Amino acid sequence: SGVSIVKVTGRTTFQRVSGSSLGGGTFWGLCSLLTNCKTFAEVIELSKKGNNQKVDMLVGDIYGGGYSTVGLDANVIAASFGKLTMKGEQSGPNPGFFKEFKRSTFGLFWVFLNVIISMPFIGKIFRENLILKNFTQEGFYNSNFKQSFQAKDLALSALRTISYNIGQIAFLNAKRFGLEAIYFGGNFVRKHPYTIASISYAVKFWSRNKMRAFFSLHDGYLGALGAFLDGKDNFE
C-alpha cells in the first residue's frame, strides 16, 4: 500500500508524523500494468535481472560526466524513466504503423504462448523445460514495449524510483525531528535485497552518511507481537 512515517520515542510513545501514497502498492500497480507480471514476487524477481540505466536518465547522460559543482556523480539518476522520452518522434502520415503492427502481432503471439503454458497438459511440457519457460515469459513480459526497452529494466527503474522516494521522505522527517536511526518494514522491503539496498543508498545519499537505515529480519511478525504485547494484560 502506501507509506506511513511514525516517530517513536518510547515503547508506548509514538506518533504518525507523515506519509506518502507512493509505496509498494504503487510499484506493484505500475509493474502489473506494464510488464504482464501476475504476482508481486514475480515482478521482484524480474527486477533482479534488470538494468535501470537503460531506462533512467542519469547525470552523465545530461552533462557527459559528473556535475562536481553541486556534488553529483555521473551515475546519479537525474530523471526516472527519463530515457523513455529521449527517442525522436517519427514523422509521416502513419508514424510507426508497421512497427506498431509488428509489435502487436508479436504481443499476441506471446500471449498465446503464455496461455498454453497455463494449460494443464501441454503446458506441463513448457513448465518442465526451464529454458523454454524463461524464454516464453521474457517475451510475454516485454510484449507491451518497443524494441528499445525491456520489462526487466523498467521493473528495476520503478523499484528504485519508489525506494529512493521513500528514503528521501524518511530522511526529511528524521532531520525534522533530529533523529539518526530510521527503521523500515513491510512487504515491499521484506527479504528483497534490491529494495533494501536502494532505500539504504537514498538515506545515506541525502543525509551524507549521517543517518542509517535499519531493517528488521522478521518484520512480518511485528504486527502480531504488537497485538500480543498490547493485549497480554487482559490474559493475566
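The values are calculated or read from the model by the stated rules, or taken from the named source; none is laboratory data. It should be emphasised that the depicted structure is a prediction, and the values quoted were computed from it without experimental measurement. Cβ: placed from backbone, ideal geometry, glycine included. Neighbour counts: every protein chain shown. Accessible surface is based on the protein model in full, side chains and every heavy atom, while ligands, DNA and RNA are left aside. Shrake-Rupley method; radii C 1.70, N 1.55, O 1.52, S 1.80 Å.
Scanning the range 1-30 for residues that are open to solvent by less than 70 Å² (accessible area, probe 1.4 Å) and not in a helix (DSSP H, G or I) turns up Gly2, Val3, Ile5, Lys7, Gly10, Val17, Ser18, Gly19, Ser20, Gly23. Take the conditions (1) in a strand (DSSP E or B); (2) of a type in the set (A, V, I, L, M, F, W, C); (3) open to solvent by 80 Å² or more (accessible area, probe 1.4 Å); Leu33 misses just one of them, which is (1). On inspection, Gly220 does not qualify as open to solvent by less than 90 Å² (accessible area, probe 1.4 Å) and closer than 21 Å to Thr9 by Cα.
When the range 1-46 is filtered for residues that are farther than 30 Å from Ser118 by Cβ, among the polar types (S, T, N, Q) and in contact (Cβ under 8 Å) with a residue 40 or more places away in the chain, the ones remaining, listed by number, are Ser18, Ser20. Kindly provide the set of residues from the range 153-203 that are touching a Lys or Arg at 6+ places or on another chain (Cβ under 7 Å) and open to solvent by 40 Å² or more (accessible area, probe 1.4 Å), ordered by number. Of everything in the range 153-203, those that are touching a Lys or Arg at 6+ places or on another chain (Cβ under 7 Å) and open to solvent by 40 Å² or more (accessible area, probe 1.4 Å) turn out to be Phe177, Glu180, Ala181, Tyr194. Residues in the range 36-51 that are open to solvent by 70 Å² or more (accessible area, probe 1.4 Å) and in a helix (DSSP H, G or I): 1 in all. Identify, please: which residue in the range 73-86 is aliphatic (A, V, I, L, M) and open to solvent by 50 Å² or more (accessible area, probe 1.4 Å) and is, among those, farthest from Leu156 (Cα to Cα)? Checked the range 73-86; the qualifying residue farthest from Leu156 (Cα to Cα) is Met86. Across the range 128-146, not a single residue is classified as at pLDDT 70 or above, out of contact with any strand residue (DSSP E or B) (no Cβ under 6 Å at 6 or more places or on another chain) and more than 30 Å from Gly185 (Cα to Cα).
Does the range 206-217 contain any residue that is of a type in the set (Phe, Trp, Tyr), surrounded by fewer than 13 Cβ atoms within 10 Å (Cβ to Cβ) and under 15 Å from Ala170 (Cβ atoms)? It would help to see each step written out before you state the result.
Residues of the range 206-217 that are of a type in the set (Phe, Trp, Tyr), as a first pass: 206, 214-215.
Retained after the next criterion (residues that are surrounded by fewer than 13 Cβ atoms within 10 Å (Cβ to Cβ)): 214.
Checking which are under 15 Å from Ala170 (Cβ atoms) leaves us with 214.
There is at least one residue in the range 206-217 that is of a type in the set (Phe, Trp, Tyr), surrounded by fewer than 13 Cβ atoms within 10 Å (Cβ to Cβ) and under 15 Å from Ala170 (Cβ atoms).
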